[in-house]
Amino acid sequence: MADFFGTDGIRGEFGKNLTCKLAFNVGNALTQIKSRPKVIIGHDTRLSASALMLSLAAGVTQGGGDITYVGTVPTAAISFLTENKFDYGVMITASHNPPEYNGIKIFSRKGQKLSEEEEAFLEEFFKNNFVADTPGMFNYEASLQDIYFSHLVGSVSENFSGMSICLDASNGAASKLSPKVFKKLGAKVMKIACAGLGEKINDGCGCLHIENLQKKMLSSGADIGFAFDGDADRVLAVDKSGNVFDGDKLLYILAKDRKEQGKLYANSVVGTSHTNSGIMVALNRSKINLIRTDIGDKYVIEAMEKMNLTLGGEQSGHIIIKEFAHT
């Protein structure tokens, strides 16, 4: 069992149990596992993001690795951009936690979060002497954000013209990107907590405070609303009547739709031990099997990979459609 890594990366309160020294150690440890690795790194809007990003990048470059920095992006962007192009992807974020917290998520070359075994192996190098190789390079490539934007827009086959969509980005990583995507698809966009204020990330907003989006939906007459968390790897939806669709309900809707399209392999989806039993019954009525895993989206994707399944998710709003993303 890893000492630093939890169910979703390393996480803690900045300056206390999550320090710049620890971030440096993590970065340098990557260069001890792989010689001169290529590492892509991004973050959410937290005020501590720059300090941790620069510290981790310093550890990588001191060890001879090269850093490609992409700025403020959702976690899924790092997963997508890492796949088959970089040795590691790193996201600096504490997801749905308060502003004073931060964290480090690491992705493999496959665009997937490290397994527990890989995390424990990486930790062994935290305690070693630091590698000081021929210094690596640090490059800022904001244009990679455009590649992810095009990927998102390209994953939708319909036009949203005439639709009114409300977005609560939790002052986090999707603050600029999500309105831009829906506008590009033709929708009229209403915004909540899309200012990207790092000191207010997840503070009374986003999917942990879905009541804000419910009120906006009832007062605005919008067709549908989506609320994200700080790093935008969770999403909840609200309809025009104020009804909330959590991850379980979204998984059910997607499963039925993808089965009708012939895109639901083995007529099975992956959930967790917390997936609502009523959803399981409803899926079974539609002749769709629910496979349960431990809580955590990395366990969901591991099960999907093992059984070659195409759809999985958690009640919290982690939804994985393998056709488009690994997180």
Which of the peptides 148-155, 29-36 is most tightly packed, and how do the rest follow, going by the mean number of other Cβ atoms within 10 Å of each residue?
-> 29-36, 148-155
Quick one: accessible area per residue over region 124-250, 1.4 Å probe, rounded to a whole number of Å²?
-> 49
With no solvent and one point per C-alpha, what does the Debye sum give as log10 I(q)/I(0) for region 222-310 at q = 0.12, 0.26 Å⁻¹?
-> -0.39, -1.37
How much of the DSSP beta bridge set in region 133-272 is antiparallel, as a percent to the nearest 5?
-> 45
Would you mind working out the accessible area per residue for region 43-112, using a 1.4 Å probe, and quoting it in Å²?
-> 26
Beta bridges by DSSP in the chain, antiparallel share as percent, to the nearest 5 | 40
In square angstrom, what is the accessible area per residue of region 267-327 with a 1.4 angstrom probe?
-> 43
Between the modelled labels at Met307 and Asn267 (7 Å from Cα along Cα→Cβ) the distance in nm is 1.4
Which whole number of Å³ per residue matches the convex hull of the alpha-carbon atoms in the chain?
-> 121
Ratio Rg/Rh, restricted to region 18-68 and using Cα atoms, in which Rh is the Kirkwood radius | 0.97
In percent, what relative contact order does region 24-170 have, based on Cα pairs under 8 Å that are 6 or more apart in sequence?
-> 29
Where does helix 20-33 land angle-wise versus the long Cα axis of the chain, in degrees 0 to 90, nearest 10?
-> 80
As straight-line cross-link partners of Lys200, the qualifying lysines (C-alpha separation under 17 Å, not fewer than 8 residues apart within one chain) are Lys176, Lys191
Neighbour net charge for Tyr148 - beta-carbon separation under 15 angstrom, K R +1, D E -1 = -2
Sorted peptide list for 161-167, 234-240, criterion being average Cβ within 10 angstrom, highest first | 234-240, 161-167
Using 7 Å Cα-to-Cβ label points, what is the Asp223/Asn139 separation (nm, one decimal)?
-> 4.0
Residue-wise HN-Hα coupling along region 188-198, computed from phi with Karplus coefficients 6.51, -1.76, 1.60 (Hz; x: Gly, Pro) = 7, 10, 10, 10, 10, 6, 10, 7, x, 7, x
On the protein heavy atoms, probe 1.4 angstrom, tell me the percent of accessible surface of the chain carried by carbon and sulfur.
-> 52
Note down the net charge around Phe182, summing +1 for each Lys or Arg and -1 for each Asp or Glu among other residues with Cβ under 13 Å from its Cβ.
-> +3
Largest to smallest accessible area among Met217, Met137, Met280 [probe 1.4 Å] = Met137, Met280, Met217
Equivalent ellipsoid dimensions for region 182-281 as semi-axes, Å, which come from the Cα gyration tensor, largest first | 27, 17, 14
Considering only DSSP beta bridges with both partners in region 234-327, what is the antiparallel share in %, to the nearest 5?
-> 45
Accessible surface, 1.4 Å probe, highest first, among residues Ile40, Ile253 | Ile253, Ile40
Find out how many positive minus negative residues lie around Gly162, taking Lys and Arg as positive, Asp and Glu as negative, among other residues whose Cβ is under 12 Å from that of Gly162.
-> -1
Between Glu323 and Ala120, with labels modelled 7 Å along Cα→Cβ, what's the label distance in nm to one decimal, could you check?
-> 3.7
What FRET efficiency do you get for Lys127 and Lys85 if R0 is 30 Å and r is their Cβ-Cβ distance, rounded to the nearest 0.05?
-> 0.50
Structure-based [θ]222 nm, the chain - -39500 (n - 2.57) summed over DSSP H runs of at least 4, per residue, nearest 500 = -10000 deg cm²/dmol
Across Lys188/Lys249; Lys16/Lys105; Lys110/Lys306; Lys105/Lys215, pairs whose alpha-carbon gap is larger than 22 Å = Lys188/Lys249; Lys105/Lys215
How long is the gain from Asn159 to Ser286 if the chain were fully straight, where each residue apart is worth 0.36 nm and the alpha carbon distance is subtracted?
-> 42.9 nm
Whole number please: convex hull volume per residue of the Cα set in region 1-120, in Å³?
-> 88
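The values are calculated or read from the model by the stated rules, or taken from the named source; none is laboratory data. All figures in this text were calculated on a predicted structure; none of them were measured in a lab. Ideal geometry is used to build each Cβ from the backbone, glycine not excepted, and the neighbour counts take in all protein chains shown. Protein only, heavy atoms only, side chains kept; ligands, DNA and RNA dropped before computing areas. Shrake-Rupley method; radii C 1.70, N 1.55, O 1.52, S 1.80 Å.
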